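The values are calculated or read from the model by the stated rules, or taken from the named source; none is laboratory data. Everything quoted here is computed from the prediction, not taken from an experiment. Here Cβ is always computed from backbone atoms with ideal geometry, including for glycine, and neighbour counts include all displayed protein chains. Areas reflect the complete protein model, heavy atoms only, side chains present, ligands, DNA and RNA absent. Shrake-Rupley method; radii C 1.70, N 1.55, O 1.52, S 1.80 Å.
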Amino acid sequence: MITKHAHFDLSTRNTFRMRVRCALFVEVSAEEDLLSLDWDALPQPVLVMGGGSNLLFTKDFPGTVLHVGICHSERSEESWTLGAGVVFDDFCAWAASEGLWGPENLSLIPGECGASAVQNIGAYGVEAKDILTDIRAYDRVEGRFVHIDPATCGYGYRTSRFKTEWKGRYIITAVTYRVSCTPQPKLDYGGVRKALEDSGKVLPSASLRDPVRANASGSTLPLSPKDIRDAIIGIRNQKLPAVEEMGSAGSFFCNPVISREHFRRIVETARKDNGPDYEVPHYEVGDQVKVPAAWMIDQCGFKGARSGGAQVYPKQPLVIVNASGNASPQEVIGLEQQIIQTIERKYGITLHPEVEHV
Ligand code: EPU
C-alpha cells in the first residue's frame, strides 16, 4: 500500500523533533509499491528516511520524504531477514530472547533496519557490517530489485557507499543479519565487562574467552546474549537521553582519528590544563589515535551549554538535545558551530557531525 500526505509535518518522524514540513510524505508497505510509484511525478529531491534518528532537518524539505515501512521478519537457523522498516532494537530484543548471538551489543540504538545498513551503526565494539550478510534493495537506475553483498558496500566508521557514490540510487527493502547459537560474547569495550561484573553476572575471575555468570547458589551458568543486552541497555540509559523523552539524534559528532604526533600535542595541552599525570582517553586505530569528541567537548566546558532550546546533554556531551521541545534548527546549528570552532582553536581538530544535515 502507498500512502501520501502533502505538506506533511515531520516533527514526529525525526527524533530531534524539528518542526519542519516536506512537500510530500510517501510511505510504502511492500516492495511492489516501489515499482508502481510514479517517480517523475514526485516533488524533487527524494529523501529516503528510516526512523529519522540520525537526521537534522535544517529547514522545510522542498521534495519528497519516502519512508520504507516494509516490516516482515523471517528467521532461519543462522540468519534473520528483516524488512527495512523493522525497528532495529526489536530485532535485537527478539534475537536475545531466543538466545541468539549477533546483535546484542547494538541494543537500544534507535532507528530501523534499513538505515542500519546505510549508516553502519555501531556500539560497544560491534558494527552492523560485522553481522550483515545480505542487503536487498530497489535499484532506481536499473528499475529492478537487487541483492547487494555487504563486502562491496565500502563500510567504515559510520559510513558506506550508500552515503557517498551510491547516494540516491538504492532503496533498501530488507537486510539479513547473521545470528548464532554459539556463544560469542564481546565484552571488552566501553565498560560492558565491568557492568556485568558489578551486577554479578560475570565473575571477575572468569576468562575473557569463556565468561560465565554466577547463579544464586554461587555456581556458574553460561552468559547469555540477554545478559549482555541488559548490561548495554543499563549503560546507555545512564548516559543517553531516551528519544521519547527528549529529542536528539544520538552522537552528534564523529570521534576524530588523528596522527600520533598530533595526539602528543593534545596530551601536552591536556596536562597543562589538568596536571602533569593526566591521562587523555583514547583508542589506538592502526598507527593513528581516536580521541573521544565527548572528552574534548567536556574539556572545553560545553556540558549543559545552551543555545535557545538546544543544549549539550550534561551526562553525555557528544549528544545535542532539543531540551525545550521546540528548539529550532538554527539553535542546534548555533551550538554545533560554537563547539566546532572552540575545539578547532584549542586542539587543531575539526569535528565532523555524525548527524546528517538535510
Ligand atoms: N568522556 C568525557 N566526558 C564526558 C563523557 C565522556 O571525558 O562527559 C570521555 C570518557 O573518557 C569516555 C569517552 O569520552 O570514555 C568516550 O565516551 P563514550 O564512551 O560515552 O562515547 P563514545 O565512545 O565516543 C561511541 C559512539 C556511540 C556508542 C559508544 C559505545 C560515536 C560517535 N559514538 O561513543 O554511538 O554508543 O561509542 O560504543 O562513535 C551513536 O552513534 O549515536 C552512538 C551513541
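What percentage of the solvent-accessible surface of the chain, computed with a 1.4 Å probe over protein heavy atoms, is contributed by carbon and sulfur atoms? Walk me through the intermediate numbers first.
Working: 8210 of 16380 Å².
Carbon and sulfur together cover 50 percent of it.
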- [ ] In Å and from the alpha-carbon atoms only, list the Rg and Dmax of the stretch 2-68.
- [x] 11.5, 32
Open item on the list: On a straight-distance basis, which aspartates and glutamates could pair with LYS194 in a cross-link, Cα separation under 19 angstrom, same-chain partners fewer than 8 positions away excluded?
Closed with: GLU104, ASP210, ASP227, ASP230
Task: Pairwise label distance in nanometres, LEU35 with ASP188, each label 7 Å out on the Cα-Cβ vector - done: 4.8 nm
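How high is the relative contact order of the chain, in percent, counting Cα pairs under 8 Å that sit 6 or more residues apart? Intermediate results must be reported in sequence, preceding the final value.
Numbers: 730 pairs, mean separation 54.8, N = 358.
Normalised by residue count, the contact order of the chain is 15 percent.
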Task: the stretch 247-357: translational diffusion in µm²/s, Stokes-Einstein, Kirkwood Rh over Cα pairs, 4 °C, 1.567 mPa s - done: 90 µm²/s
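Kindly report the accessible area of the chain per residue (heavy atoms of protein chains, probe 1.4 Å, no ligands, DNA or RNA), in Å². Walk me through the numbers before you get to the answer.
Values: 16380 Å² over 358 residues.
Ligands and nucleic acids excluded, the figure is 46 Å² per residue.
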- [ ] Compute the FRET efficiency between ASP90 and GLN341 as 1/(1 + (r/R0)^6), taking r as their Cβ-Cβ distance and R0 = 41 Å, and round to the nearest 0.05.
- [x] 0.55
Open item on the list: Calculate the FRET efficiency for ASP287 and ASP134 from the Cβ-Cβ distance with a Förster distance of 25 Å, rounded to the nearest 0.05.
Closed with: 0.15
Task: Loop-exposed trypsin sites (Lys or Arg not before Pro) per DSSP, neighbour cap 13 Cβ within 10 angstrom, longest uninterrupted part of the chain - done: 60-166
- [ ] Would you look at the GNM of the chain, springs on alpha carbons closer than 10 Å, and say which of GLU336, GLU98, GLU27 moves the most?
- [x] GLU98
TODO: Show that you can apply the helix-only estimate: for the chain, add -39,500 (n - 2.57) for every DSSP H stretch of four or more residues, divide by all residues, and state [θ] at 222 nm to the nearest 500.
DONE: -7000 deg cm²/dmol
Open item on the list: Let me check the size of the chain from its C-alpha atoms; what are the radius of gyration and Dmax in Å?
Closed with: 21.5, 67
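Among the GluC sites (Glu not before Pro) in the stretch 258-303, which ones are in a DSSP loop with at most 15 other Cβ atoms within 10 Å of the Cβ? Mind listing them?
Values: sites: GLU261, GLU268, GLU279, GLU284; in loops: GLU279.
Answer in residue order: GLU279.
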Open item on the list: Just to be sure I understand: with springs between alpha-carbon atoms less than 10 Å apart, which residue in VAL280, VAL179, VAL243 has the highest mean-square fluctuation in the Gaussian network model of the chain?
Closed with: VAL280
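Let me have the relative contact order for the stretch 71-239, percent, based on Cα pairs under 8 Å that are six or more residues apart.
On the way: 317 pairs, mean separation 41.7, N = 169.
Contact order relative to length: 25 percent.
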TODO: Using the Kyte-Doolittle scale, find the helices of the chain whose mean hydropathy is at least -1.0 and whose Cα atoms extend 24 Å or more along the helix's long axis, counting only whole DSSP H runs.
DONE: 329-347
TODO: Provide the three semi-axes, in whole Å and in decreasing order, of the ellipsoid equivalent to the stretch 71-239 as defined by the square roots of 5 times the Cα gyration tensor eigenvalues.
DONE: 33, 15, 13
Task: Candidate lysines - alpha carbon under 30 Å from LYS167, same-chain residues fewer than 8 apart omitted - done: LYS4, LYS59, LYS129, LYS290
